[in-house]
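Worksheet: one structure, shown below.
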Amino acid sequence: MSGLLDQIIGGSGEDTLRLDGTFNLDLTAIDDTRIRGIEILDLNGGGNSLTLEVSDLQNISDSENSLTVLGTAENAVNANLPGFSSNSADGFTTYTDGTSSLVVDDNVIQNVLT
């Protein structure tokens, strides 16, 4: 994202950031203040991926420490979430430590270290 945007800030309520094209959004490589106020990330197929860690979950949403990731089998989530547990239901896998949550569409490739 360097040089492309200063910030992405969602408004109040539930906000979705949708990725188009082929993009690896690596939240671990950018300051936690660059993307805020987002509750849903739509990877939208096309080989898009997301990389994140606990601090990213704690800072991306204004209202709660939670992020829902939508996508297809062409997408991947790479996460380092020590101390988190997982549970699958209704087509989504939820990773949580009781304070922060990552909810991922089961169609998305999930490389999550807990």
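The values are calculated or read from the model by the stated rules, or taken from the named source; none is laboratory data. Since we're looking at a predicted model, the values are computed, not measured. Glycine also receives a Cβ, built like all others from the backbone with ideal geometry; neighbour counts cover every protein chain displayed. Note: areas computed on protein heavy atoms with side chains; ligands, DNA, RNA excluded. Shrake-Rupley method; radii C 1.70, N 1.55, O 1.52, S 1.80 Å.
Listed values, structure above:
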| item | result |
| --- | --- |
| Failed condition for Leu52, given (1) assigned to a strand (DSSP E or B); (2) farther than 13 Å from Asp26 by Cα | (2) |
| Ala79 in contact with a Leu (Cβ under 8 Å, 6 or more places away or on another chain) and modelled with pLDDT of 95 or more | yes |
| Residue list for the range 34-56, restricted to those being within 15 Å of Thr96 (Cα to Cα) and in contact with a Phe, Trp or Tyr (Cβ under 9 Å, 6 or more places away or on another chain) | Val54 |
| Residue identified as open to solvent by less than 40 Å² (accessible area, probe 1.4 Å) and under 22 Å from Gly13 (Cβ atoms) among Ser49, Ser63, Ser100 | Ser100 |
| Failed condition for Val54, given (1) modelled with pLDDT under 95; (2) crowded, with 17+ Cβ neighbours inside 10 Å | (1) |
| Which numbered condition Asp62 misses (of (1) assigned to a loop (DSSP other than H, G, I, E, B); (2) of a type in the set (Asp, Glu); (3) in contact with a Leu (Cβ under 7 Å, 6 or more places away or on another chain)) | (3) |
| Flag if Ile60 is within 23 Å of Ile109 (Cβ to Cβ) and at pLDDT below 95 | yes |
| Selection from the range 1-20 of residues that are open to solvent by 50 Å² or more (accessible area, probe 1.4 Å) and either among the basic types (Lys, Arg) or over 20 Å from Tyr95 (Cα atoms) (or both) | Ser2, Gly3, Leu4, Leu5, Asp6, Gln7, Ile9, Ser12, Gly13, Arg18, Asp20 |
| Residue that is surrounded by the most Cβ atoms within 10 Å (Cβ to Cβ) [pool: residues in the range 79-94 that are touching a helix residue (DSSP H, G or I) at 6+ places or on another chain (Cβ under 9 Å) and assigned to a strand (DSSP E or B)] | Ala79 |
| Residue list for the range 21-46, filter: under 26 Å from Ala73 (Cα atoms), loosely packed, with under 13 Cβ neighbours inside 10 Å and within 15 Å of the chain's Cα centre (by Cα) | Ala29 |
